[in-house]
Amino acid sequence: RTTMKSLRFISAEAFVSNAEFARKNLGAVAHDLFPLLFKASYLLEQGEVIHDLVENWPLFDFNMGKLLGATLDYQEDLSHRTCSVCLESCLSGLRDYVLNQSSPYMKKLKVVDLTGIKDVEVQFCKCKKTMGRWARTQLLSKLCSELLVYLQQAQCSPGTFKISINVLIDLFVTGRNYELVVQALLKKCRCPLKICCVAFRSDNLTFQKFFYIIKLTDPSLLRKLEIVHNVQLEMEHLEMLFNSIHFPLLMSLTLPARTFNVRRFTATDEQILTNIGEKMGEMTQLTELSMSFSILTGRIQKLLSPLKTPLKMLDLSNCSLSHADMAFLASSFHANHLEALDLSGHDIPELYPSTFFKLLSHCSSVLRSLTLEDCNIQDTHVNMLILGLSPCQKLQEFKFIGNPLSSQALKHLFTFLSELPMLKNVEFPVPRDCYPAGITYPIDDASLCRFDHQKYERVAEELNLILLQANREDVRASTPLFGSYDAAVQETNNELGACLIKSFKETLDKFTTSFSKMS
């Protein structure tokens, strides 16, 4: 599909395509044309021109999401292109904007917003090298530290020290870039480029390090907080965090696996859980909550009932929910507002079929994303599922891998799914009849790939044909065996893998030591 370009945009492309000519003549360009030239340079990956445009930016703000988004001159949204050449040129240009002393009267820039950049799986840039959220965090922190060192050593004009630019960014901190980010945040008040953290994701950090850095970010500005994977956060830590730090603007909270485990609860733990629920109730902006892989049996009401704002996104996958939990969800005020719901890892047809469908009916008018992976949905449940999904006319995404469904049942389901007008993405399981007879669900990792690949390909073709015949080429259907694409995990998988191996080795050493003592 070719996106139409205005005559203005075509002219801008022609101007920036010759980097040497463009850089030489930027001084003669009207200020209101800079955004147009920036998008044209980004599309053509003209790194040097991007650098010079940012270095001489004549406007009050620089918003990446708006600059790269759909415009009248060029409708295509480029904000999902995390091209390394373009982003590196952009950030180094920002540093040089501060250092460029040739035209101090031109320096109007007050806000740089980098939060509109979207990390996606498929990249279209020519250089084929991306700069993810972790790398952007790393580079900006490095540039801020270098800038401060340079300003302290060089003879700069007094005007340079008056420059103050708020740089809004989604930070991603792991053990590997922790020290660099801490240094940049500590020196923020003296640096002309001031890191303003809007969203914070932490992985592979001790709780002590996480606690220290989160205080440096200015939590009063934080809208999204993700604490994931290798951050050993237990319930008492979470209570301590909420008691000592306030998050007045927090809209989205993700907690790591095993934060809660009600099977080990004491009376003190029950009180801690109550306190956490009350603290979350004070976060009046909170509309997205993810607590996957915690054991929360019978405690959902205690956690969610204090919330004063209805949730729009709720992830309770693999949380061992009871019938009472599901009944609370179905009758709670959250039900009518849920746009994204993940209940993976629960045997829905067996444990709470009626309450689940009651919940589905309440959120059907707004539901955009539904995830029911490993929920023991079988062929006999498909008609009931279709009945429950029929009112969900705004559904854009349906993920249900890991369910024991036959090829025939999938075809029946796809015929229905092709009628959902807003649907864009479907993640479906490998059909049960592609696996050897006697396979048990949920399928363990060792057996996951041991299916008839040729038969699967035939079935996948037939399912896509159903979509094609219904004129639904816009629907993407796939089977990601090991879970959906996660840009953050993909970018840091080497570090996380090394951390897991280290953790396994330490556990093995402890076991060996204990065994030696017993001997």
### Task
Measure off, as a whole percent, the carbon and sulfur share of the 1.4 Å-probe accessible area of the chain, all protein chains present.
55 percent
### Query
Going out from 0 in 5 Å bins, what whole percent of all Cα-Cα distances in segment 375-455 drops into each bin?
3, 14, 26, 24, 16, 10, 6, 1
### Among 321-327, 381-387, the order from most to least packed when residues are scored by Cβ within 10 Å on average
321-327, 381-387
### Query
Hey, any idea what Rg/Rh is for segment 61-101, computing Rh the Kirkwood way over Cα pairs?
1.06
### Summary
Here the Cα Rg-to-2.2 N^0.38 Å ratio for segment 139-242 is 1.19
### Message
Can you tell me the length gained on complete extension of the stretch Asp77 to Ser406, counting 0.36 nm per residue apart and subtracting the Cα distance?
### Response
114.5 nm
### Message
Return the equivalent ellipsoid semi-axes of segment 368-502 as a descending list in whole Å, where each equals the square root of 5 times an eigenvalue of the C-alpha gyration tensor.
### Response
26, 20, 14
### Paired Rg and Dmax values of segment 7-131, which use every Cα atom, in angstrom
13.6, 42
### Task
For segment 1-73, state which chymotrypsin sites (Phe, Trp or Tyr not before Pro) are in a DSSP loop and have at most 15 other beta carbons lying within 10 Å of their beta carbon.
Phe60
### Task
Write down the Kirkwood hydrodynamic radius of segment 191-255, to one decimal in angstroms, obtained as one divided by the mean of 1/r over all alpha carbon pairs.
12.2 Å
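Mind jotting down a quarter of the surface of the convex hull over the alpha carbons of segment 264-328, in square nanometres, one decimal?
One quarter of the hull surface, i.e. the mean projection, equals 4.3 nm².
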### Long-range amide H partners of Cys196 with built H, under 5 Å
Val167, Leu168, Ile169
#### Entry: Debye-sum result for segment 72-188 in log10 I(q)/I(0), which assumes one identical scatterer on each alpha carbon, at q = 0.20 Å⁻¹
-1.19
#### Entry: Probe 1.4 Å, protein heavy atoms only - accessible area per residue of the chain in square angstrom
48 Å²
### Query
Which value, in Å² rounded to 10, gives the accessible area of Ser164 with a 1.4 Å probe and all protein chains present?
50 Å²
### Task
Binning at 5 Å from 0, report for segment 223-352 what percent of all alpha-carbon pair distances ends up in each bin.
2, 11, 21, 27, 22, 13, 4, 1, 0
### Query
Ile439: net charge of surrounding residues, Cβ under 9 Å, Lys/Arg +1, Asp/Glu -1, itself excluded?
+2
#### Entry: Longest to shortest principal axis, alpha-carbon extents of the chain, angstrom
73, 63, 51
#### Entry: Computed P(r) (all Cα pairs; segment 288-383; 10 Å bins; percent)
17, 55, 26, 2
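To the nearest 20 debye, what charge dipole does segment 247-386 have about its Cα centre, counting +1 at the Cβ of each Lys and Arg and -1 at the Cβ of each Asp and Glu?
360 debye
The values are calculated or read from the model by the stated rules, or taken from the named source; none is laboratory data. From a predicted model like this one, the values you see are computed outputs, not experimental measurements. Cβ: placed from backbone, ideal geometry, glycine included. Neighbour counts: every protein chain shown. Areas reflect the complete protein model, heavy atoms only, side chains present, ligands, DNA and RNA absent. Shrake-Rupley method; radii C 1.70, N 1.55, O 1.52, S 1.80 Å.
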